[in-house]
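For reference, the structure discussed in these notes is given below.
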Amino acid sequence: MIRRPRNDRPGSANFRASIERKGNPAYLAALRQMYSTSKPARIPDNWRDRQPDPATYYGQHVAKLGKPNGTGWAQGVCPFHDDHNKSLSVCITGKRGGWRCFAGCGGGDLVGFHSRLRGLDFRAAVRELLEVRG
Ligand SMILES: [Zn+2]
């Protein structure tokens, strides 16, 4: 068994210096990520605060959206199936922007709605939503 010197444990300054010197790929990748300024896929931590107002967003993306009921949910035409009965219910108060289709298309939050509507993954949907707002 090989014993490391006491001051060369993982996590110690000496240990970090030694793997840096040896060019440990994982460590160098972590360093690059830490100091990189170009992070094209990065989502701001406060994205939930910056996403569009659900009332505005759903007003633009849901046909025949009605007035909200007492709990903030409004009915409109579901864009995910051939809907004739306003099967979609969206929450236009609060931040999350919940939605549910009672004809079986499922439900989720505003990001999930946008990603499904536009065929984007979660990250792409968030980025597009933030850009939509400017
Ligand atoms: Zn539906």
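The values are calculated or read from the model by the stated rules, or taken from the named source; none is laboratory data. Only a predicted model underlies this, so the values are computations on that prediction, with no experimental measurement involved. A quick note on method: Cβ atoms are made from the backbone with ideal geometry, for glycine too, and the neighbour counts reach across all protein chains shown. Just so you know, the surface numbers come from the protein's heavy atoms only, side chains and all, with ligands and any DNA or RNA stripped out. Shrake-Rupley method; radii C 1.70, N 1.55, O 1.52, S 1.80 Å.
Computed values, structure above
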item	result
Accessible surface of region 47-133 [probe 1.4 Å, protein heavy atoms]: carbon and sulfur percent	48
Neighbour net charge for GLY66 - beta-carbon separation under 14 angstrom, K R +1, D E -1	+2
Label-point gap, in nm, between ARG123 and LYS64 - each point 7 angstrom along Cα→Cβ	3.9
Mean accessible surface per residue for region 87-134, computed with a 1.4 Å probe while every protein chain stays in place, in Å²	50
Potential extension, HIS84-PHE102 segment - 0.36 nm per residue separation minus Cα distance	5.3 nm
